[in-house]
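Notes for the one structure printed next.
Throughout, read-outs are computed from the coordinates displayed, never taken from laboratory work. Predicted model, so just to flag it, every value in this text is computed and none were measured. Note that we place each Cβ from the backbone using ideal geometry, even for glycine, and neighbour counts take in every protein chain shown.
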Amino acid sequence: MIGGMGRWEPNARGRLEQAALELYVEHGFEQTTVAEIAARAGLTERTFFRYFADKREVLFAGGANLQEFLVSAVASAPDSVAPIEAVAAALEGAGALLQERRDYSRRRQAVIAANAGLQERELIKLASLASALAAALRQRGATGPAASLAAEAGIAVFKIAFERWVGGTSQPDLPQLIRESFDDLKAVTAGK
C-alpha cells in the first residue's frame, strides 16, 4: 500500500462504484466530489479517472454492456419471432441479469430521481438503447417503422416494469414484471 491507499487491491472499479453510490445517497449527487469518492474507496482521483470520465458515469457505466446484451439477444432470436417478441425476450433476459442488483438499482434510481441532470442522462441512455434495438431489428429484416415502433415500445415497457420493480417492496421479479407489462401493452393495443 502506498500512502495508506489500497490502490493495488483488486476490483477498483467496483469499489469506486460502491463508494460513489453510498456518497450520493448520503450527501446528494451535486454535493459529492470525485476526491471524496476516491477517498471512500481507498483509491486516488487519478484511479477514478482511469475508470470513469466524470462522476455521472459511475451511474451509467453499465449502459454499454446492457446495450451489447440486448442487441446480441435480438440478433440471436429465431427468424420466426416477431420484432416485438424479439425485443421482449431480450428485455426479459436483461431483467434476469439486473434481478441480482435490486438494492443497487433502487439506490441508483433514487439518486437519479433527485437530480434533473441525471434524469436527462437516463432518458438519453434509454433513447440510445431504443435506437440500438431498432437497428438490430432492421438487421433481422424488420422495416424501418416496425423496427422503431417495436424498439420504442419495448423500452417504454421496460421503463415501466423497472420503476415498479425498484419502487415495490414485494413485487415479483423483474423478468416477470417485464412479461406482465408486455401483456398490458398487448391488451391496450387490442382495445381490451
Inset, instruction - Starting with the fewest neighbours, write out LYS55, LYS186 ranked by other beta-carbon atoms found within 10 Å of each beta-carbon. - result: LYS186, LYS55
Legend entry - Overall Cα dimensions of the chain, principal axis frame, Å, largest first: 63, 34, 26
Inset, instruction - Could you please report the charge total around GLY93, scoring K, R as +1 and D, E as -1 over all other residues with beta-carbon less than 14 angstrom from its beta-carbon? - result: -4
Legend entry - Cβ-based exposure ranking for SER76, SER148, SER181, SER170, in which fewest neighbours within 10 Å come first: SER170, SER76, SER148, SER181
Inset, instruction - Excluding ALA150 itself, calculate the net charge of residues whose Cβ lies under 14 Å from the Cβ of ALA150, where each Lys or Arg counts +1 and each Asp or Glu counts -1. - result: +1
Legend entry - ³J(HN,Hα), Karplus 6.51/-1.76/1.60, whole Hz, each residue of region 100-111, x for Gly, Pro: 5, 10, 4, 4, 4, 4, 4, 5, 4, 5, 5, 5
Legend entry - Likely footprinting exposure, THR32, THR189, THR169, fewest C-beta neighbours within 10 Å first: THR169, THR189, THR32
Inset, instruction - Can you tell me the FRET efficiency between GLU22 and ALA75 if r is taken as the Cβ-Cβ distance and R0 is 45 Å, rounded to the nearest 0.05? - result: 0.75
